1. If you add up the charges near residue 70, with Lys and Arg at +1 and Asp and Glu at -1, over every other residue whose beta carbon is less than 10 angstrom from its beta carbon, what do you get?
2. Please report, in debye to the nearest 20, how large the charge dipole of the range 1-53 is about its Cα centre when each Lys and Arg carries +1 at its beta carbon and each Asp and Glu carries -1 there.
3. Just to confirm the number: angle between the C-alpha axis of helix 54-68 and the first principal axis of the chain, 0 to 90 degrees, nearest 10?
4. Can you count the Lys pairs in the chain with C-alpha separation below 22 Å, eight or more apart or on different chains?
5. Express in % the proportion of alpha carbon pairs of the chain at distances exceeding 27 Å.
6. With +1 on each Lys and Arg Cβ and -1 on each Asp and Glu Cβ, how big is the dipole of the chain about its Cα centre, in debye rounded to the nearest 20?
7. Which of the trypsin sites (Lys or Arg not before Pro) across the range 1-34 are loop residues per DSSP, with 10 or fewer other Cβ within 10 Å?
8. Starting from the 7 Å offset along Cα-to-Cβ, what nm value, one decimal, do you get for the label separation of residue 32 and residue 142?
Amino acid sequence: FIACDLGEIPAAQHLTSRNIVARINLPNMRHEPDQRVEICLRAQEGLAQLEPDPNKRIKYIDFIAQYARLSEAEQARYEECIEQSSYKEDIMGPVQQAIENGIRQGFQQGMQQGMQQGEYKKAIEMAKALLSKGMNISDISEISGLSEEEIRRLVH
């Protein structure tokens, strides 16, 4: 491999490069501070243009953002620029998809946890009712699915 100091390479020379490694590393290359938004945008556009796999794009979007280190004001300008970019859908599509997948996964996990908690509460209620009827702990454990220890705690 070739070792180089990216900070010495002028970003301006690679703004439209067809080399994906060069494009996603634009934020690591030499540029003026007031060029950060454009550099980040060109890196993201290059990624959208050169990487067909949306899953890989998601990974590299984070890489670019991390190294771009945009301030809040720059981030706001960047987002305005994205809105005008012809690559807007290619840049934001995988991000939006990742967000939606995360929300969906979180919802499913929440539903599953809620159902488990509901089942547990129902088993506790059943065990309490059976205890009040005088049923022995081992039978209650077998019927409710609760451990004998859990049932003993209900007695106290």
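Coordinate-derived values only; no laboratory data. Quick caveat: nothing in here was measured; it's all calculated off a predicted structure. Positions of Cβ are generated from backbone atoms using ideal geometry, with glycine treated the same way; all protein chains shown enter the neighbour counts.
1. 0
2. On the way: 5 positive and 8 negative charges, 18 e Å.
Using Cβ point charges on Lys, Arg, Asp and Glu, the range 1-53 gives about 80 debye.
3. The angle comes out at about 70 degrees.
4. Lysine pairs satisfying the spacing and distance rule in the chain number 4.
5. The calculated P(r) of the chain puts 49 percent of pairs beyond 27 Å.
6. Approximately 340 debye in magnitude.
7. Passing both the DSSP loop test and the Cβ count: 18.
8. Here the modelled spin labels are 8.4 nm apart.
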